Amino acid sequence: MSAKNIAIIGAGLSGSVLARTLVDAGYDVSVFEKSGGTGGRLATRRTAFGAFNHGAQYLTAKSASFRAMLTGLSNVGAVDEWEPDGKDRNGRWHIGLPGMSGLVKPLLNDARLIGRTRVTSVNSDGDEIKLASEDKELGVFDRVLVTVPAPQAYDLLVPFDPVFQSLSAVRYAPCWTLMAAYEARHHGPEIVRCKAGGSIGWMAKAFEFKDGFGIVAQACAGWSQDNLELSKEDAAKQMLGALEEQFGWINPVYTDAHRWRYALVERSLGTAFLSSRCGRVFCAGDGLLGARAEDAFESARMLADHLKSEIGSTK
């Protein structure tokens, strides 16, 4: 069974790992991403004051394979180590350069990246798979690999094959994230876990600039769920109030908020990937295997190994 032309839907960590592995194996890889950037929850917001990592703040590695990938990315300047407040936090913390989204960029080299494109349908076309957006055909592919969050994958894949209905069992916790910059000196630790019962669960200093500092604050899952449909302006206002109450920070010179509807996997399927009955469409990602970024990596690695075993390398 031969396959040379592979489509990946989603340019987060899983999609990027699949792209790198399959390009290295000699395949023609196209990556479709609905946003204008890459990295998924490895996200960086760049502003005139500095860059906010407003998704995952860092990665840790348990497996030798994940450590090896991070070491390789470090060797090309895409990853560094972070020790907040100069402390060894019982294991190395890895950050992307120049921001968290920079971690995936070398993985996407040599793949064809199609940004700002939402894939809305997956259909059979003989022995191949046809993709389309709302307004145009996107191409025909030998294999299609879907790495978006499970609820989005469910909507896309169940009309193609009911075998993907098991994705409905995956559960995520949402998270509101606040980005703010203040014209003041920063006093206190780089990372703070905030008091119980408030809106903010975790806060980190994002950067310093000439006249001040920037922070990223992540709301508690419960507060985020209760306030999921707030406007970002109202979410920011409430979270800023909590920071003022706890730290005395007032009058920020920059604020923005981002809602992560699928921030943290609360219940996964416990399997590396799912396959359609025709064996040409697959789903992978952290919602399949577990809650950590490393689970997203391992899911992609195991799917890539399966594909290479099934269809071989073209090199």
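For the chain, set up a Gaussian network in which alpha carbons nearer than 10 Å are linked by springs, and say which option among Ser231, Ser16, Ser74 fluctuates the most.
Most flexible of the set in this elastic network: Ser231.
Placing unit charges on C-beta atoms (Lys and Arg positive, Asp and Glu negative, everything else neutral), compute the dipole magnitude of segment 1-106 about its Cα centre in debye, rounded to 20.
The dipole of segment 1-106 has a size of about 200 debye.
Rank Glu294, Glu134, Glu266 by mean-square fluctuation in a GNM of the chain with C-alpha springs under 10 angstrom and give only the top-ranked residue.
In this elastic network of the chain, the residue with the biggest mean-square fluctuation among Glu294, Glu134, Glu266 is Glu134.
Report the relative contact order of segment 187-315, percent, no decimals, based on alpha-carbon pairs under 8 angstrom and at least 6 residues apart. Provide the component values of the computation, followed by the final result.
Numbers: 148 pairs, mean separation 16.7, N = 129.
Dividing the mean separation by the residue count of segment 187-315 yields 13 percent.
Within straight cross-link reach of Lys237, meaning Cα distance under 17 Å, which aspartates and glutamates are found once same-chain residues fewer than 8 apart are removed?
Asp226, Glu229, Glu245, Asp256
Work out, in µm²/s and without decimals, the Stokes-Einstein translational diffusion coefficient of segment 1-157 at 20 °C, 1.002 mPa s, Rh from Kirkwood over C-alpha pairs. Mind dumping the intermediate values first?
On the way: Rh = 16.8 Å.
Here the translational diffusion coefficient equals 128 µm²/s.
Apply 1/(1 + (r/R0)^6) to the Cβ-Cβ distance of Ser124 and Ser65, taking R0 = 25 Å, and write down the FRET efficiency to the nearest 0.05. It would help to have the intermediate numbers written out before the result.
Working: r = 34 Å, r/R0 = 1.35.
Efficiency computed from Cβ-Cβ geometry: 0.15.
222 nm [θ] for the chain, helices only, -39500 (n - 2.57) per DSSP H run of 4+, per residue, to 500?
Using -39500 (n - 2.57) per qualifying helix, the result is -7500 deg cm²/dmol.
So what is the relative contact order of the chain, in percent, for Cα pairs below 8 Å that sit 6 or more residues apart?
Across the chain, relative contact order equals 21 percent.
Roughly what angle does helix 13-24 make with the longest principal axis of the chain, taking Cα atoms, 0 to 90 degrees, to the nearest 10?
Helix 13-24 sits roughly 40 degrees off the main axis of the chain.
Rounded to the nearest 10 degrees, what's the angle between the helix 293-311 long axis and the longest principal axis of the chain, both from Cα atoms, 0 to 90?
So the inclination is approximately 10 degrees.
Any chance you could give the angle, 0 to 90 degrees and rounded to 10, that helix 64-75 forms with the longest Cα principal axis of the chain?
Its long axis makes an angle of about 70 degrees.
Among Ile311, Ala257, Cys283, whose Cα sits farthest toward the positive end of the charge dipole of segment 220-315 (+1 at Cβ of Lys/Arg, -1 at Cβ of Asp/Glu, about the Cα centre)?
Farthest towards the positive pole: Ile311.
Between segment 165-183 and segment 244-276, what's the alpha-carbon centroid distance in Å?
3 Å
What lysines sit close enough to Lys308 to cross-link, taking a C-alpha to C-alpha distance under 20 Å and skipping anything fewer than 8 places away on the same chain?
Lys308 reaches Lys4.
How big is the charge dipole of the chain about its Cα centre, in debye rounded to the nearest 20, if each Lys and Arg gets +1 on its Cβ and each Asp and Glu gets -1 on its Cβ?
That gives the chain a dipole magnitude of about 300 debye.
Springs between alpha-carbon atoms under 10 Å, Gaussian network over the chain: tell me which of Lys237, Lys62, Lys34 tops the mean-square fluctuations.
Sorting by GNM fluctuation, first place goes to Lys62.
Averaging sequence separations of C-alpha pairs under 8 Å and six or more residues apart, then dividing by the length of segment 25-107, give the relative contact order as a whole percent.
That works out to 33 percent.
Mind giving me the nanometre distance, one decimal, between the label points for Asp80 and Lys210, set 7 Å out from Cα along Cα→Cβ?
If labels sit at Asp80 and Lys210, their model points lie 2.1 nm apart.
Go through segment 182-187 residue by residue and turn each phi into a ³J(HN,Hα) via Karplus (6.51, -1.76, 1.60, θ = phi - 60°); whole Hz please, and just put x for glycine and proline.
10, 8, 6, 7, 8, 10
So how do 173-179, 119-125, 238-244 stack up, highest first, on mean other-Cβ count within 10 Å?
173-179, 238-244, 119-125
Just so you know, all these numbers are worked out from the coordinates, no wet-lab data involved. Remember, it's a predicted structure, so these values are computed and weren't measured experimentally. Glycine also receives a Cβ, built like all others from the backbone with ideal geometry; neighbour counts cover every protein chain displayed.
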